[in-house]
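Down below is the structure, laid out as structure tokens.
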Amino acid sequence: MATEAEEKLTGKLGDVLNDKTESPRRQVSLRLTVIARLQRNNFDRLVTELNVTRSQWAMIAVVARYPGSTQRTIAEYLEMSEASAGRLIDRLCADGLLERRDRRDDRRARSVYVTDAAHPLLDKLGLIAAEAEGRMFHGFSDDEVEQLRDYLSRIYDNVSRG
């Protein structure tokens with residue numbers, strides 16, 4: 001549910017997004033920007049009661065998906081600096097949601113794992129994400145979502161090349 005300010009802004013942006021004098025590429029670029037902002041804001045509102053940020057959830061989710069990863073690898077997955085990843089890992093370790101363990105193969109590096117305390121939070125966040133995705137893709141067939149995913153992957157590849 002959008003705030004009143006967001007509805008006004010989105011309404012004005014809606015005029016821009018539907019401006020037929022803009023090229024279709026510009027319209028798509030603007031829409032992607034607005035959709036990303038709306039999704040972030042909606043997610044933030046939905047998880048307020050869980051006392052977790054998007055960055056924290058992303059970190060926990062990556063560590064859960066790739067248990068035993070190093071700080072460097074996690075930073076690469078999240079496309080953030082290694083120092084920023086380290087600070088976030090430190091915070092989540094202090095909160096009891098992640099833990100660092102020594103590695104047998106490399107004494108300099110440490111592996112990162114989720115703790116048992118993180119699993120209920122991950123479950124709740126997963127449900128919230130699934131509900132948000134349900135709203136976002138309402139009226140889309142599975143084939144349409146797959147086609148959109150493929151298009152967005154191509155856009156991501158183009159943008160990530162700089």
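The values are calculated or read from the model by the stated rules, or taken from the named source; none is laboratory data. Worth saying up front: this structure is predicted, and the values here are computed from it rather than measured. When we count neighbours, we look across all protein chains shown, and the Cβ atoms used for this are built from the backbone with ideal geometry, even at glycine. SASA here: full protein model, heavy atoms, side chains in, ligands and nucleic acids out. Shrake-Rupley method; radii C 1.70, N 1.55, O 1.52, S 1.80 Å.
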Helix 118-136: inclination vs the chain longest Cα principal axis, degrees, rounded to 10, gives 10 degrees
Tell me, in nm to one decimal, what length is gained between GLU144 and LYS20 on full extension, where the rule is 0.36 nm per residue of separation less the Cα-Cα distance? 42.2 nm
Pairing the Cα long axis of helix 4-17 with the longest principal axis of the chain, what angle in degrees results, from 0 to 90 and rounded to the nearest 10? 60 degrees
Estimated distance in nm for a label pair at LEU38 and GLU79, the labels positioned 7 Å out from Cα along Cα-to-Cβ: 2.1 nm
For region 99-143, with only Lys/Arg (+1) and Asp/Glu (-1) charged at the beta-carbon, what is the dipole magnitude about the Cα centre, in debye rounded to 20? 540 debye
Positive-pole candidate from LEU127, ALA61, ALA85, dipole of the chain, charges at beta carbon: ALA85
Just to verify a number: FRET efficiency for TYR151 and ALA117, C-beta to C-beta distance, R0 = 30 Å, to 0.05? 0.20
Suppose a student asked you for the relative contact order of the chain, using Cα pairs under 8 Å spaced at least 6 residues apart; what percent would you report? 17 percent
Heavy-atom accessible area per residue of region 72-162, all protein chains kept, 1.4 Å probe, expressed in Å², is 75 Å²
Within the accessible area of region 28-113 (1.4 Å probe), percent carbon and sulfur: 47 percent
Rounded to the nearest 0.05, what FRET efficiency do ILE128 and ARG100 give with R0 = 41 Å and r taken as the Cβ-Cβ distance? Could you check? 0.90
